[in-house]
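Worksheet: one structure, shown below.
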Amino acid sequence: MLKTISTRQARIGIFVHKLCGPWMHHPFWSRQLLIEDQASLDKLLASSVLEIIIDTERGVDVEDAGSLELQSEPAADLLPEPAQPIPLQSSEQMQDLRPCRMQDEVERARQIIGKGKRAVLDMFADVRMGKALQTEGLMELIGDMSSSLHRNTHALISVARVKHKDEYTYMHSVAVAALMLGLARQYGCDEDTVRLAGMAGLMHDTGKALMPEAVLNKPGKLTDDEFAIMRSHPEKGHALLMQIGNIPTEVLDVCLHHHEKVDGTGYPAKLAGDRISLLSRMGAICDVYDAITSNRPYKSGWDPAESLSRMASWQGHFDPVLFKLFVRMLGIYPVGSLVRLKSERLAVVIEQGQQSLLTPRLSVFYSIRLRQKVPLEQIDLAAKGVVDTIVSRESPEDWGFAGLEKLWLEAGG
């Protein structure tokens with residue numbers, strides 16, 4: 001039987017069916033858990049969760065819990081103070097969730113991405129040394145990332161895409177987490193599922209920590225044997241997370257199945273269609289997009305708009321409904337895309353339009369007729385009186401451009 005109780009009534013032996021309130025207010029990985037020891041009970045009592053729903057068929061009832069030999073009354077200083085305001089995040093600077101413009105969020109996004117890189121580096125190091133993963137810091141990171149996406153959908157995702165070749169393995173996990181959070185929210189998932197999507201993105205490549213570094217960071221094309229080694233990372237990562245225990249099923253599934261394709265030609269299980277879970281189908285899209293837009297040891301990343309175009313042509317690879325939502329989330333011309341204008345100028349997309357995917361804000365920097373760079377000019381294609389339009393996407397490699405991210409990372413106004 002399900003029963004709602006005050007968190008103050010919690011006892012060792014209860015089974016928590018649901019933690020009431022926004023997910024960011026509680027410190028647990030799982031939405032459901034057995035309070036089996038004093039440490040778990042103390043963590044619950046010290047949290048900002050005021051009510052919980054317990055399942056008396058899977059654990060003790062509150063009336064029965066007092067007779068448990070292990071039970072002890074919680075210390076007074078561990079009880080939550082309902083009169084105090086509940087913080088939205090553990091980090092004060094992340095409490096403001098009001099929508100803001102792209103450039104107002106970029107610096108905060110940079111700080112979050114830096115924090116994410118350190119967290120993933122530590123996670124991979126712990127895995128290689130056989131240590132237990134410290135999950136609480138990862139949960140706080142996901143909370144910060146979610147807050148950034150609330151303020152602006154594109155800043156964090158765009159900043160996460162910019163990475164150096166030698167940091168791809170670690171930054172890829174952070175970028176996929178950001179994309180997963182955004183796509184899950186775009187799909188309309190509840191906040192618990194959005195959080196799980198972010199966690200799944202952050203941990204989907206855990207198995208790469210077990211790959212030989214000579215293969216993982218090889219600057220050239222892999223041999224068949226090396227490729228077979230790399231293809232083992234989903235199963236090895238899944239096995240590792242299973243050993244850790246208390247990792248949500250949804251996270252485990254994405255770790256194992258993010259390389260499946262909807263036509264059944266993926267790996268490791270050749271699952272097809274709806275046999276692939278929703279979050280794993282999301283994971284497949286987010287993983288590939290970040291991989292092909294990133295600079296790697298053996299190749300430069302593709303332009304964001306070009307990447308979406310190529311992905312759209314890969315029939316049978318992605319869930320078509322989810323992919324359309326993914327494009328809607330990023331925009332037809334994602335931030336950082338190089339575009340040609342009707343005025344025979346080149347520009348970089350610096351922010352998505354509010355009303356249409358076809359009218360983003362741009363930073364114009366090059367004249368095709370003059371074949372030279374021109375003073376930077378920012379234009380909003382949706383603004384009244386603006387007659388210029390985008391006629392095509394362009395490849396930076398074809399034009400010999402590098403470092404175009406500076407045009408949107410440093411854009412103001």
Under 23 Å from K3, Cα to Cα: lysines that are on another chain or at least 8 residues apart:
K18, K43
Length released on extending from E344 to V386, taking residue separation times 0.36 nm less the Cα-Cα span
13.6 nm
Run the helix sum for the chain: -39,500 (n - 2.57) per DSSP H stretch of 4+ residues, divided by residue count, reported at 222 nm to the nearest 500 deg cm²/dmol.
-13000 deg cm²/dmol
Computed for the chain: size of charge dipole around the Cα centre, +1 on C-beta of each Lys and Arg, -1 on C-beta of each Asp and Glu, debye to nearest 20, value 1880 debye
Pseudo-spin-label distance R98 to D190, built 7 Å along Cα→Cβ, given in nm, is 3.1 nm
For the R118, L357 Cβ pair and Förster radius 30 Å, calculated FRET efficiency rounded to 0.05 is 0.30
If you work out semi-axes √(5λ) of the Cα gyration tensor in Å from the coordinates, which of (i) 49, 26, 19; (ii) 42, 26, 18; (iii) 46, 25, 19 do you get?
(ii)
Taking 0.36 nm per residue of sequence separation and subtracting the Cα-Cα distance, how much length would be gained by fully extending the chain between R128 and R296, in nm to one decimal?
58.2 nm
Potential extension, L210-S232 segment - 0.36 nm per residue separation minus Cα distance
6.9 nm
J(HN,Hα) series, segment 266-272, from Karplus relation 6.51 cos²θ - 1.76 cosθ + 1.60, nearest Hz, glycine and proline x:
x, 9, x, 10, 6, 6, 10
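Order of L45, L149, L179 from fewest to most other C-beta atoms within 10 Å?
Going from least to most buried by this count: L45, L149, L179.
Just so you know, all these numbers are worked out from the coordinates, no wet-lab data involved. Since this is a predicted model, take the numbers as computed values, not measurements. Note that each Cβ is placed from the backbone with ideal geometry, even for glycine, and that neighbours are counted across all protein chains shown.
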